[in-house]
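All of the numbers you see were taken from the coordinates with simple rules; none came from a lab. The structure displayed is predicted, hence computed values, not measured ones. Here the Cβ is made from the backbone with ideal geometry for all residues, glycine too, and neighbour counts use every protein chain on show.
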Amino acid sequence: VSRRQPVPDGLTTAHLLDDAPDVAMPVDHPLAGRREVELEEFADDEWVSWPEGEFCYEWLMFTLRSKGVEPRITHLAGEYHTQLALISAGFGVCVAPRLGRGIVPEGVAFVPVRQLMRRHVYAAWRTDADRRPSIRAAVDALRTVAERVDGRPVPPSADEG
């Protein structure tokens, strides 16, 4: 699903960066040594996902089903570190954005997904606070960090203003 979440009236946003996800799997998984993978290559795997009703769960279901794969979600966890612990223990595979990882447990391998998938990361603030120096400083600091993470300058967003 490539849809932007609605922004409530009265908020201004600025795009910071796009976060690419990888598939996390046990290091002994047959695809763990690959340079890239297609999501449909995991059609027979068990999946670890966010709880039902969460955006990430719905995204995974929609994405895999659109590729003709009915995912077998066998474990649910609402935090990436818990999902990665389940992967480390051999309980399946999951999609893991690079920014959401934190400390990675031993026994987990990551392989980039060949399809162009990105999680868009934005800053948001009340439009009526737009001219406050503290808001500008915070957005500038977020842009600086985003440039360091992403490795390229972030242009001003068309949404700003």
query: Once both labels are modelled 7 Å past Cα along the beta-carbon direction, what's the A20-Q115 spacing in nm?
result: 1.6
- prompt: Residue-wise, which Karplus ³J(HN,Hα) couplings in Hz belong to the range 125-132, taking 6.51 cos²θ - 1.76 cosθ + 1.60, θ = phi - 60°, and x for glycine or proline?
  reply: 8, 5, 4, 5, 9, 4, 8, 5
The chain: calculated mean residue ellipticity at 222 nm from DSSP helix runs of at least 4, using -39500 (n - 2.57): -7500 deg cm²/dmol
message: Quick check: the angle from helix 133-150's long axis to the longest principal axis of the chain, C-alpha only, nearest 10 degrees?
response: 30
message: Can you give me the long-range amide H partners of V93? Hydrogens built in the peptide plane at 1.01 Å from N, cutoff under 5 Å, separation of 5 or more residues or another chain.
response: E46, W47, V48
- request: Name the residue farthest towards the positive end of the dipole of the chain from the options A141, F42, G90, assuming +1 on Cβ of Lys and Arg, -1 on Cβ of Asp and Glu, about the Cα centre.
  value: A141
query: Amide H to amide H, which residues 5 or more places from L11 or on other chains are under 5 Å from it, using H placed in the peptide plane?
result: T127
query: Say R0 is 22 Å: what FRET efficiency, to the nearest 0.05, do A43 and T82 get from their beta-carbon distance?
result: 0.35
- prompt: Where the only charges are on Cβ atoms (+1 Lys, Arg; -1 Asp, Glu), what is the dipole of the range 21-112 about its Cα centre, to the nearest 20 debye?
  reply: 220
field: Full-stretch length increase - R126, E70 - with 0.36 nm per residue and alpha-carbon distance subtracted
entry: 16.1 nm
task: Pull up all non-local amide H partners of A20: gap of 5 or more, or a different chain, and H-to-H distance under 5 Å with H placed in the peptide plane.
output: R98, R119
Taking N as its residue count, the alpha carbon Rg of the chain over 2.2 N^0.38 Å: 1.17
query: From the Cα gyration tensor of the range 21-112, with a ≥ b ≥ c the square roots of its eigenvalues, which class applies: rounded if a/c is under 1.5, or else prolate if a/b is larger than b/c, or else oblate?
result: oblate
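Can you tell me how much longer the chain between E54 and R98 gets when fully stretched, taken as 0.36 nm per residue apart minus their C-alpha distance, in nm with one decimal?
The span from E54 to R98 would gain 14.0 nm if fully extended.
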